[in-house]
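Input: a single structure, listed below in C-alpha cells.
The values are calculated or read from the model by the stated rules, or taken from the named source; none is laboratory data. Nothing here was measured: the structure is a model prediction, and the numbers come from that model. Here the Cβ is made from the backbone with ideal geometry for all residues, glycine too, and neighbour counts use every protein chain on show. Heads up: the accessible areas ignore ligands, DNA and RNA and are worked out on the full protein's heavy atoms, side chains in. Shrake-Rupley method; radii C 1.70, N 1.55, O 1.52, S 1.80 Å.
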Amino acid sequence: MTEQQQQELCELIRQAGAHAQALRDKGLQVETKGRQDFVSQADVLVEQQIKSWLQQHCPEDGFLGEESGLAEGERGVWVLDPVDGTTNFILGMDYWCVSLAYVRQNTIELGIIYAPDRDEFFFARHGAGSWLNGKRLKLHDPAPESVVIGLGRSSRAPVPLYARTIEDLLNDGMEYRRFGAGALMLAHVAAGQVHAYYEEHMNSWDALAGLLLITEAGGTSNAFLANDGLLRGNLVLAGCNSVQERLSALLEA
C-alpha cells in the first residue's frame, strides 16, 4: 500500500465512522444475533463500505469481516470490525469504534482504531510506532499499587471463570474496568489509560489492531495468532511489560 492509499484509507475510516453516527441519529434497524449480541444497520453498511474500497485498491488481499466472513486472497488479509461495542453504540454511549488490521505472513502489519464519538484516531504500523491523533504513544510501567486492568467478558467462556478473575485481581491489589468494547480498551491500553487488558476469548477482528497498538507503544502481548487465532480467535493478554507479566502469573496460579 502506498502512502497516498494509506491516507485515503484513514480518511475512509473517518467517513465510515461519520456514516455510522448519521445512521444512529436517524434511527437504527437492529437485529439480534444471540443473547446480548446485536448487529445494526450501521455494522453492515460500514463493513460494505470499507470492504468495497479494499477490494478495489488491494485486490490481491483477502478480507475477514465480523458481518460478512472470510474472502480469501493471495497475499495478506484485512480484518475488520465495523462497529465494536455495538450495544454501546445502539444505546447512544460514546464507547465504540471501527477496528481494522492487516495481517501478512502471520504478522500484524497495520492497525487502525477510530472512535468517532470520542474523536480518537489510533494508528500503528509494524516497526513504526503507535499514534493517537498524530501524537506518538509510549507506555510506561505504573506503580504496583496503582494498576488498573481492562477486562472483557466473552460469552464463549464460563461465567464463574470471569467472576474468579475479578476476585483474583482485587485480592492482588489491582483494579479493573469493563466498558463493553474490547478493541477500544486495547487502544486505551496503548494510550496508558489502563495498564493491561485481559479477555478469555476474543475474535481476531476485535483484537488485532489493538494488539499492534500496544506492542508498537512498547508493551507486550500473548501470541494471539497462534493455533489459528485469525479464524478461531484466542485469549488476549496484553499491556505494559510489568503488568502483563504480573497478570499472567496471577492467572496461571
(message) Which one, Asn106, Ser68, Ser40, is farthest towards the positive end of the dipole of the chain when Lys and Arg carry +1 and Asp and Glu -1 on their Cβ?
(response) Ser40
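Using a cut-off of 14 Å between beta-carbons, work out the net charge of the residues near Gly173 (Lys and Arg +1, Asp and Glu -1, Gly173 not included).
Working: positive: Arg246; negative: Glu145, Glu167, Asp168, Asp172, Glu175.
Net charge in that neighbourhood comes out at -4.
Taking the Cα centre of the stretch 33-154 as origin, work out the dipole magnitude from +1 charges on Lys and Arg Cβ and -1 charges on Asp and Glu Cβ, in debye rounded to 20. Mind showing how you got there, number by number?
Numbers: 11 positive and 18 negative charges, 54 e Å.
My answer is approximately 260 debye.
Sorted by packing (mean other beta-carbon atoms within 10 Å per residue), highest first, where do 218-228, 179-189 land?
Values: 218-228: 16.5, 179-189: 27.7.
Ranked by mean Cβ neighbours within 10 Å, highest first: 179-189, 218-228.
Order of 63-74, 91-102 by packing, highest average Cβ count within 10 Å first?
Values: 63-74: 16.0, 91-102: 23.2.
Order by mean packing, descending: 91-102, 63-74.
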(request) Find out how many positive minus negative residues lie around Ile113, taking Lys and Arg as positive, Asp and Glu as negative, among other residues whose Cβ is under 10 Å from that of Ile113. (result) -3
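Which whole-number percentage describes the relative contact order of the stretch 73-121, with Cα contacts under 8 Å and a sequence gap of 6 or more?
Relative contact order comes out at 32 percent.
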(request) Give me the net charge of His126's neighbourhood, meaning all other residues with Cβ under 11 Å from the Cβ of His126; Lys, Arg count +1, Asp, Glu -1. (result) 0
(request) Tell me the label-point distance for the pair Arg75, Tyr176, using the 7 Å Cα-to-Cβ offset, in nm and rounded to one decimal. (result) 4.1
(message) Relative contact order of the chain, please, whole-number percent, based on alpha carbon pairs below 8 angstrom and at least 6 residues apart.
(response) 15
(message) In 5 Å bins starting at zero, report the fraction of Cα pairs in the chain per bin as a rounded %.
(response) 1, 6, 14, 19, 20, 17, 12, 6, 3, 1, 0
(request) Per DSSP H run of n ≥ 4, the term is -39500 (n - 2.57); total these for the chain, divide by its residue number, and report the mean residue ellipticity at 222 nm rounded to 500 deg cm²/dmol. (result) -12000 deg cm²/dmol
(message) Relative contact order of the stretch 198-253, please, whole-number percent, based on alpha carbon pairs below 8 angstrom and at least 6 residues apart.
(response) 41
(request) Provide the per-residue ³J(HN,Hα) series for the stretch 188-198, in order, calculated from phi with Karplus coefficients 6.51, -1.76, 1.60 and θ = phi - 60°, each as a whole number of Hz, with x at glycine and proline positions. (result) 6, 5, 4, 8, x, 7, 10, 9, 6, 9, 9
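For Thr86, Thr2, give me the order by solvent-accessible area with a 1.4 Å probe, most accessible first, ignoring ligands, DNA and RNA. Display every interim value, and only then the final one.
Details: Thr86 15, Thr2 75 Å².
Most to least solvent-accessible, the answer reads Thr2, Thr86.
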(request) Using the Karplus curve 6.51 cos²θ - 1.76 cosθ + 1.60 with θ = phi - 60°, work out ³J(HN,Hα) for each residue of the stretch 112-128 in order, rounded to whole Hz, and write x for Gly and Pro. (result) 10, 10, 10, 10, x, 5, 9, 6, 10, 10, 9, 9, 9, 10, 4, x, 10
